[in-house]
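Visitor: Just passing along the structure, written as C-alpha cells.
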Amino acid sequence: MEEELLAQLTQENVELESQLTKRNEQYIFDLKKALAAANFSQEQTTTELNEMLRTLVEEQKRGVTARQLYGTVTERMEAIVNKPVVKTKSTQPFLMWLDNFLMFFALLAALSGIMSFFMPAGQSVSTYGLTAIILAAALGGVIFYMMYLFFYQYDEPGADKSKKPKTWKSILIIVVAFVLWYIIFNATVYLPTSLNPMLNPIALIILAAASLGLRFFLKKRFGVVSSFSSRPPKR
C-alpha cells in the first residue's frame, strides 16, 4: 500500500474512532493492543480497523455494539488471523504502464499478424511495422495510466478526493493525448523500413503471445492493478 493511501486511511480511522461510543471505543482499544501483541504491521492494523470502524459507526446508530458484531476481542483476533490472505495490489506507475504496454503490444501485433493473412498472395509482411507497434503501445500505456491517475484512483477506499483534478481538465488532457497518439501512430507509416521493419505475420503472432504471457506473469508476481479495469479493485 502506498504511503499516501496509508496516511489517508490512518486519518480516516482517527475520525471514525472519535464517533464511537465509550463501549465500542474500549473494544477497539483492546483490539489494537491484541494486534500489536500479534506483531501486526501498521498497514495491516490500519486496514483491518478501517473496515471494522466503517461498519461499526453505522451499526452503533441502531444500538449494536462491537461485541455483538464481532464477538469478543479474542474471537475477533482469531477471525482476523485466520482470514484468507488477500494478494496485495500494486499501483506503481512503471508497472501499471508496463502492464498497459504489454496489452497494447499484444493486441496490435496480433491484429497486424492476422490481417496479413488476408492480404494478396505473395505479400507476407505485416500491416504495421515493429517500431509503429512499439510506439503505439508505449503511448497507449501512458494514456490509460493517465485515466487511472486522473479518475480511477480516487475511487479507492480512503482516497483524498479533494486532490482530484477538475473533471473537464482531465477529460481535455486525455482527449488531447488521444489525438496526439493517433497522429504519431499514423505518422509512422512514413518511416523507412530500416527504422520501421515489417515482420513476418507468424513472428508477430508469436511476439503477441509472448507479450501476453509476460503480462500474466507480472500480474501474478506483483499484483499489478490494470488500467483497463473500469474501477480499481476494492480492498
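Visitor: Test of understanding: among Thr74, Thr65, which residue is in contact with a helix residue (DSSP H, G or I) (Cβ under 7 Å, 6 or more places away or on another chain) and of a type outside the set (A, V, I, L, M)?
Guide: Working: Thr74 fails: in contact with a helix residue (DSSP H, G or I) (Cβ under 7 Å, 6 or more places away or on another chain).
So the residue among Thr74, Thr65 that is in contact with a helix residue (DSSP H, G or I) (Cβ under 7 Å, 6 or more places away or on another chain) and of a type outside the set (A, V, I, L, M) is Thr65.
Visitor: Can you say whether Leu149 is modelled with pLDDT of 85 or more, farther than 30 Å from Pro197 by Cβ and under 25 Å from the mean Cα position of the chain (by Cα), as far as the supplied structure shows?
Guide: Yes, satisfied.
Visitor: So Leu172 fits all but one of (1) at pLDDT 90 or above; (2) within 30 Å of Leu6 (Cβ to Cβ); what number is the exception?
Guide: Going through (1) at pLDDT 90 or above; (2) within 30 Å of Leu6 (Cβ to Cβ) one by one, Leu172 breaks only (2).
Visitor: Here's another thing I want to ask about it. I'm trying to understand the selection: among the residues of the range 52-73, which are within 20 Å of Phe40 (Cβ to Cβ) and open to solvent by 90 Å² or more (accessible area, probe 1.4 Å)?
Guide: The answer is Arg54, and nothing else.
Visitor: Here is a follow-up. Among the listed residues Asn82, Asn13, Asn100, which satisfies the condition of being under 30 Å from Leu130 (Cβ atoms) and either modelled with pLDDT of 90 or more or open to solvent by 80 Å² or more (accessible area, probe 1.4 Å) (or both)?
Guide: Answer to the check: Asn100.
Visitor: Then there's this: Kindly indicate whether Ser211 is farther than 30 Å from Gln8 by Cβ and open to solvent by 80 Å² or more (accessible area, probe 1.4 Å).
Guide: When the stated conditions are applied, Ser211 does not pass them.
Visitor: For residues in the range 150-172 being part of a helix (DSSP H, G or I), without any contact (Cβ under 8 Å) to a residue 40 or more places away in the chain and open to solvent by less than 80 Å² (accessible area, probe 1.4 Å), which is nearest to Asn50 (Cα to Cα)? Show your work before the answer.
Guide: Restricting attention to the range 150-172, the residues satisfying the condition of being part of a helix (DSSP H, G or I) are 150, 152-155, 161-163, 167-172.
Remaining after also requiring without any contact (Cβ under 8 Å) to a residue 40 or more places away in the chain: 150, 154, 161-163, 167-172.
Narrowing further to those that are open to solvent by less than 80 Å² (accessible area, probe 1.4 Å): 150, 154, 167, 170.
Details: Phe150: 25, Tyr154: 17, Thr167: 28, Ser170: 30 Å.
Within the range 150-172, the match that is nearest to Asn50 (Cα to Cα) is Tyr154.
Visitor: Can you tell me which residue is most open to solvent (accessible area, probe 1.4 Å) among those in the range 22-45 that are farther than 13 Å from Ile80 by Cα and in contact (Cβ under 8 Å) with a residue 40 or more places away in the chain?
Guide: It comes out as Arg23.
Visitor: Quick one: would you say Ile202 is modelled with pLDDT of 95 or more, open to solvent by 70 Å² or more (accessible area, probe 1.4 Å) and not in a loop (DSSP other than H, G, I, E, B)?
Guide: Here the answer is no, as Ile202 does not meet what is asked.
Visitor: Shifting gears a bit: Let me confirm something: among Glu48, Glu78, which residue is charged (D, E, K, R) and more than 30 Å from Leu218 (Cβ to Cβ)? Explain how you work it out, then say what you get.
Guide: On the way: Glu48 fails: more than 30 Å from Leu218 (Cβ to Cβ).
Being charged (D, E, K, R) and more than 30 Å from Leu218 (Cβ to Cβ) holds for just one of Glu48, Glu78, which is Glu78.
The values are calculated or read from the model by the stated rules, or taken from the named source; none is laboratory data. All values reported here derive from a predicted model rather than from experimental measurement. Ideal geometry is used to build each Cβ from the backbone, glycine not excepted, and the neighbour counts take in all protein chains shown. Heavy atoms of the whole protein, side chains included, go into the accessibility calculation; ligands, DNA and RNA do not. Shrake-Rupley method; radii C 1.70, N 1.55, O 1.52, S 1.80 Å.
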